[in-house]
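Peer 1: Dropping a structure here in structure tokens format, bear with me for questions.
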Amino acid sequence: MLQKVLIVNRGDIALRIIRACRELGISTVVAHSTVDAESMAVRLADESVCIGPPRPAESYLNMPSVMMAARLTDADAVHPGVGFLSENAEFAEMVTAHDLVFVGPSAQHIRQMGDKALAKSTAKALGIPVVPGSDGVVDTAEEAQDVADGIGYPVLIKAVAGGGGRGMRVVESHDDLPQAFAACRHEARTAFGSDAVYIEKYLDNPRHVEIQLFGDGKGGAVHYFERDCSVQRRHQKLIEEATAPGIPDAQRLAICEVARKAVAELQYAGPGTIEFLYLDGAFYFIEMNTRLQVEHPISEMLCGVDLVHEQLRVASGYGMSRTQADIVPQGHAIECRINAETSEGFLPSPGLITAVHAPGGPGVRFDGHIFSGYKVSPYYDSLLAKLIVHAPTRALAITRMQRALEEFHLEGVASLAPFHQRVMANKDFQDGGVSINWLQKQLDAGTL
Ligand code: MV4
């Protein structure tokens with residue numbers, strides 16, 4: 001087993017990794033910025049090392065500083081967590097070049113999936129259904145018009161280096177295309193340093209359904225079923241659930257199996273997520289994330305697994321603890337992301353937390369890093385805690401989430417808890433299967 005892991009992250013995910021390491025007897029070092037010196041992760045880790053000032057570019061994204069921290073503390077592995085350096089192929093390479101274990105997939109797989117056009121062609125070649133569109137990158141507006149005329153409007157121009165909602169443009173007609181094409185390329189060049197784009201049919205009002213996968217790096221892979229992450233605002237997921245409601249079991253299982261086979265074929269190592277849009281009864285691949293995701297706990301609760309244990313096992317060369325037959329989904333799990341934002345208007349609410357009480361009881365998991373005296377910093381994302389519930393049925397999971405949200409108590413900063421209560425009580429949400437535009441429509445209409 002690995003002996004000492006350097007955790008290059010903060011907040012609840014740093015705690016999540018510390019907890020898994022503790023249970024496996026692995027020592028932990030948390031690399032932190034100056035403002036995070038008093039964090040719960042620093043308190044709970046065996047060691048800590050400051051890697052720079054608050055701004056992420058100077059600390060959590062500062063590769064030389066991180067490598068120095070690994071060397072100084074004699075770590076034998078680096079865990080990037082979620083966000084920050086977790087999908088940076090250059091960093092994964094650097095870690096490996098220094099004879100340290102990168103707890104994650106190979107740099108090659110990170111790079112392959114980071115190029116969204118290459119990810120799509122790879123997925124297609126592996127038998128995964130994709131959105132109709134260009135065969136890879138499109139170089140000229142004329143070529144783009146030919147593709148778009150063929151698939152029909154509206155179409156979406158997407159940056160190869162984009163993802164997570166950045167670098168996309170909808171085009172309604174043949175005549176609108178050249179201007180949008182030029183603008184999208186320009187934006188992509190400015191934002192990502194690459195103006196490569198590709199074209200897809202624009203899917204109107206789909207659901208976002210993603211599959212949790214896990215590979216052993218040697219051609220073995222399992223899936224941990226799917227999550228529905230459609231309740232989002234401006235590309236920020238707010239509520240996720242597993243499994244996806246209202247999709248026939250046979251169809252869910254079939255797409256999970258296609259995705260599992262693809263990841264096995266790739267000899268992919270560690271956790272990964274294949275994202276789909278689901279519209280009119282069909283799945284369409286959009287992206288693959290080559291990291292642990294924020295919402296991984298709902299799959300853990302559904303399947304009774306610890307995905308970070310699995311990650312550390314595979315990184316240590318022990319292989320996965322289960323085969324597909326060992327993975328049995330039970331009941332239903334829901335996660336609410338409790339951000340330090342107002343529940344009316346989603347305005348950031350930094351400041352000092354003066355009191356907090358975490359919910360508990362059967363089927364409730366609170367993955368948070370907050371405590372009384374914690375200062376919510378404006379430098380980082382505003383996630384205070386993930387509240388996850390598990391229950392035998394979806395209806396009981398909603399009731400349990402309502403009960404847990406009632407127990408949650410916070411003073412000093414605003415949170416999304418009241419917003420989540422409104423969603424849990426909403427008829428559309430309770431019916432299940434809302435689309436990615438549902439939340440914004442409700443907010444615009446003042447019906448939530
Ligand atoms: C799309 C789409 C509609 N049609 N692709 C946004 C983030 C990136 N992961 C892909 N995204 C989308 N791709 C086609 N062909 C709509 C979105 C999209 C979206 C997807 C998932 C979750 C939330 C979203 C919000 C707006 C747009």
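The values are calculated or read from the model by the stated rules, or taken from the named source; none is laboratory data. Worth saying up front: this structure is predicted, and the values here are computed from it rather than measured. Methodologically, a virtual Cβ is constructed for each residue, glycine included, from the backbone with ideal geometry; neighbour enumeration extends over all protein chains shown. For the accessible areas, the whole protein counts, side chains as well, though only heavy atoms, and no ligand, DNA or RNA atoms are used. Shrake-Rupley method; radii C 1.70, N 1.55, O 1.52, S 1.80 Å.
Peer 1: For residues in the stretch 123-159 being among the hydroxyl-bearing types (S, T, Y) and out of contact with any helix residue (DSSP H, G or I) (no Cβ under 6 Å at 6 or more places or on another chain), which is farthest from the ligand (Cβ to nearest atom)?
Peer 2: Of the stretch 123-159, the ones among the hydroxyl-bearing types (S, T, Y) are 134, 140, 153.
Checking which are out of contact with any helix residue (DSSP H, G or I) (no Cβ under 6 Å at 6 or more places or on another chain) leaves us with 140, 153.
Values: T140: 21, Y153: 12 Å.
My answer is T140.
Peer 1: Also: Determine which member of the set S173, S194 is open to solvent by 20 Å² or more (accessible area, probe 1.4 Å), under 20 Å from I110 (Cβ atoms) and polar (S, T, N, Q).
Peer 2: Just a single option satisfies the conditions, and that option is S194.
Residue-wise test of (1) open to solvent by 60 Å² or more (accessible area, probe 1.4 Å); (2) closer than 25 Å to E87 by Cα; (3) among the hydrophobic types (A, V, I, L, M, F, W, C); (4) without any contact (Cβ under 8 Å) to a residue 12 or more places away in the chain.
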| position | (1), (2), (3), (4) |
| --- | --- |
| K124 | yes, yes, no, no |
| V130 | no, yes, yes, no |
| D139 | yes, no, no, yes |
| Q145 | no, no, no, no |
| D149 | yes, no, no, no |
| P154 | no, no, no, no |
| I157 | no, yes, yes, no |
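Matching residues to (1) β-branched (V, I, T); (2) open to solvent by 30 Å² or more (accessible area, probe 1.4 Å); (3) more than 29 Å from I370 (Cβ to Cβ):
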| position | (1), (2), (3) |
| --- | --- |
| D36 | no, no, no |
| V42 | yes, no, no |
| S48 | no, yes, no |
| V82 | yes, no, no |
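Peer 1: Quick check on my filter: what residues within the stretch 50-59 are within 23 Å of the chain's Cα centre (by Cα) and buried (at least 19 other Cβ atoms within 10 Å of the Cβ)?
Peer 2: S59 - this is the single residue of the stretch 50-59 that is within 23 Å of the chain's Cα centre (by Cα) and buried (at least 19 other Cβ atoms within 10 Å of the Cβ).
Peer 1: Shifting gears a bit: Tell me which strands (runs of 3 or more DSSP E) are completely within the stretch 164-265 and hold 1 or more residues being within 16 Å of the ligand (Cβ to nearest atom) and under 16 Å from F276 (Cβ atoms), or say none if there are none. Full working, then the answer.
Peer 2: On the way: elements: 166-171, 197-201, 207-216, 221-233, 236-242.
Result: 197-201, 207-216, 221-233, 236-242.
Peer 1: Let me ask you something else. Which residue out of H174, H98, H109 is over 30 Å from R10 (Cα atoms) and modelled with pLDDT of 95 or more?
Peer 2: On the way: H98 fails: over 30 Å from R10 (Cα atoms); H109 fails: over 30 Å from R10 (Cα atoms).
The unique qualifying residue is H174.
Peer 1: crowded, with 19+ Cβ neighbours inside 10 Å, assigned to a loop (DSSP other than H, G, I, E, B) and at pLDDT 95 or above: is that true of V413 in this structure? Please lay out each step first, then the result.
Peer 2: Numbers: crowded, with 19+ Cβ neighbours inside 10 Å: yes; assigned to a loop (DSSP other than H, G, I, E, B): yes; at pLDDT 95 or above: yes.
Judged against the criteria, V413 is a match.
Peer 1: Then there is this: Of everything in the stretch 35-60, what is among the hydrophobic types (A, V, I, L, M, F, W, C) and part of a helix (DSSP H, G or I)? Give them in sequence order.
Peer 2: Step one: list which residues in the stretch 35-60 are among the hydrophobic types (A, V, I, L, M, F, W, C), which gives 35, 37, 40-42, 44-45, 49-51, 57.
Across the stretch 35-60, the qualifying residues are V35, M40, A41, V42, L44, A57.
Peer 1: Can you name the number of the only condition in (1) at pLDDT 95 or above; (2) open to solvent by less than 60 Å² (accessible area, probe 1.4 Å); (3) out of contact with any Gly (no Cβ under 6 Å at 6 or more places or on another chain) that G164 fails?
Peer 2: With respect to (1) at pLDDT 95 or above; (2) open to solvent by less than 60 Å² (accessible area, probe 1.4 Å); (3) out of contact with any Gly (no Cβ under 6 Å at 6 or more places or on another chain), G164 is out only on (1).
Peer 1: Looking at F91, F102, which is the one that is touching a Leu at 6+ places or on another chain (Cβ under 7 Å) and crowded, with 21+ Cβ neighbours inside 10 Å?
Peer 2: Working: F102 fails: touching a Leu at 6+ places or on another chain (Cβ under 7 Å).
Among F91, F102, only F91 is touching a Leu at 6+ places or on another chain (Cβ under 7 Å) and crowded, with 21+ Cβ neighbours inside 10 Å.
Peer 1: While we're here: Within the stretch 261-278, can you find the residues that are over 15 Å from G114 (Cβ atoms) and β-branched (V, I, T)?
Peer 2: Result: V263, single match.
Peer 1: Mind checking whether some residue in the stretch 261-273 is aromatic (F, W, Y) and under 17 Å from P129 (Cα atoms)? Spell out how you get there, then give the answer.
Peer 2: Our first condition is that a residue be aromatic (F, W, Y); within the stretch 261-273, this holds for 268.
Filter again for under 17 Å from P129 (Cα atoms), leaving none.
No, there is no match, as no residue in the stretch 261-273 is aromatic (F, W, Y) and under 17 Å from P129 (Cα atoms).
Peer 1: If you don't mind, there's one more thing I want to ask. Output the residue which, of all residues in the stretch 1-34 that are in a loop (DSSP other than H, G, I, E, B) and not hydrophobic (A, V, I, L, M, F, W, C), is surrounded by the fewest Cβ atoms within 10 Å (Cβ to Cβ).
Peer 2: From the stretch 1-34, those in a loop (DSSP other than H, G, I, E, B) are 1-3, 8-10, 24-26; that's our starting set.
Adding the requirement that they be not hydrophobic (A, V, I, L, M, F, W, C) leaves 3, 9-10, 25.
Values: Q3: 12, N9: 24, R10: 29, G25: 9.
So, considering only residues that are in a loop (DSSP other than H, G, I, E, B) and not hydrophobic (A, V, I, L, M, F, W, C), the one surrounded by the fewest Cβ atoms within 10 Å (Cβ to Cβ) is G25.
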